[in-house]
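Since every read-out is calculated from the coordinates, none of them should be taken as a lab result. As the structure is a computational prediction, the values presented were derived from the model and not from experiment. Cβ: placed from backbone, ideal geometry, glycine included. Neighbour counts: every protein chain shown.
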Ligand code: HEC
Ligand code: HEC
């Protein structure tokens, strides 16, 4: 396995992230039971293996580089400058209004409970796609670009209302509407792919806690997204990260919002169930 990871590293070339060799750290980072989650005691957040400097930026909203995007989104949230002449706030109340304004549907809790099942499409819907659903159906406007500043800011604004709330997922239950998506996401997670013939699990399960040069592999959890990455020099969505991890092993990357990545997101939410929502996060 280590050989494979070293190969991944060599192949990723300019990618600073995966440069050089694996210096084994064993599984000493895994924190059994330490997180106090009885249902999923071994889950831990990538925050834990971030550097102290990155953690400090993550924790301080004045330093967190995602906040300017959140400010941009807050302006849009309150704006009636759309064809429907109605703001997000008109229906949902202020982002932190726990009663959810006129619609009675608050932003608080959304980040901890997505993806959800969309009965209209028969597929999972994540926060990004739900925002665009409201944008298109309620505001009669073109949806935000998936990886655009507005979308990243709005996703962060919505998801941060659930900060500290444990991620909830019941998708492993065969009776759950999301079960088929969960099953497909799980298969994707364990399927070897790409020139390097590696699965997500080969890095984020088998080697979580191990060092790849200056980088410690985390469990690849989704609780902090959207994330500002120094490597990107801007914040990005979870699906951007999926695409990056796929490309690092020279595998096909799927589109943002694709069925493949929605299924994977559904599986990851379950895998990280119980972890607190930490959006928006900062990472190397
Ligand atoms: C005309 C009223 C209306 C407007 C305007 C509106 N929404 Fe919604 N929103 C709803 C309704 C109704 C739902 C319930 C699900 C659905 O119909 O899609 C909803 C659902 C949501 C959800 C999911 C909530 C949950 O608990 O699952 C989010 C997130 C959301 N809206 C965000 C936004 C954002 C951000 C905007 C502005 C870009 C916006 N909405 C504009 C009415 C509105
Ligand atoms: C060759 C090893 C490798 C493989 C295979 C891989 N990743 Fe990653 N991934 C990384 C590295 C390195 C990082 C950055 C450090 C970290 O958080 O692990 C990362 C980060 C992530 C993160 C961000 C975690 C956080 O806390 O910010 C997610 C989510 C993720 N990966 C998901 C996946 C998924 C899903 C797959 C399978 C499609 C996958 N990765 C495959 C190496 C890999």
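Before moving on, here are some points about what is shown:
- With neighbour counts taken as other beta-carbon atoms within 10 Å, the residues 270, 182, 232 rank, fewest first, as 232, 270, 182.
- All C-alpha pair distances within the chain, sorted into 5 Å bins from zero, spread as 1, 6, 12, 17, 19, 18, 13, 8, 4, 2, 1, 0 percent across the bins.
- The residues 278, 63, 141, when put in order of fewest to most other Cβ atoms within 10 Å, stand as 63, 141, 278.
- Full-extension gain in nm, residue 201 to residue 105, via 0.36 nm per residue minus C-alpha separation: 30.9 nm
- Least to most buried among 275, 129, 268 (fewest other Cβ within 10 Å first): 129, 275, 268
- On full extension, the segment bounded by residue 192 and residue 231 gains 11.5 nm, given 0.36 nm per residue less the C-alpha separation.
- When the helices of the chain are scored as -39500 (n - 2.57) per DSSP H run of n ≥ 4 and the total is divided over every residue, the value at 222 nm lands at -10000 deg cm²/dmol.
- Rounded tilt (10° steps) of 67-77 against the dominant C-alpha axis of the chain: 30
- Across region 58-172, the convex hull enclosing all Cα atoms gives 118 Å³ per residue.
- For the pair residue 142 and residue 61 in one chain, pulling the backbone fully straight at 0.36 nm per residue adds 26.1 nm over the alpha carbon distance.
- Size of region 164-284 as Cα extents on the principal axes (Å, biggest first): 43, 36, 27
- Between 0 and 90°, nearest 10: helix 149-159 axis offset from the chain longest Cα axis: 90
- Residue 86-residue 53 FRET efficiency (beta carbon distance; Förster radius 41 Å; 0.05 resolution): 0.45
- For region 72-108 and region 150-176, distance of Cα centres in Å: 18
- For the residues 139, 233, 161, a GNM of the chain with alpha-carbon springs under 10 Å puts the largest fluctuation on 233.
- Helix axis angle, 238-248 relative to the chain longest principal axis, alpha carbon, degrees: 30
- With the simple spin-label model, which puts each label point 7 Å out from Cα in the Cβ direction, the residue 96 to residue 168 separation comes to 2.2 nm.
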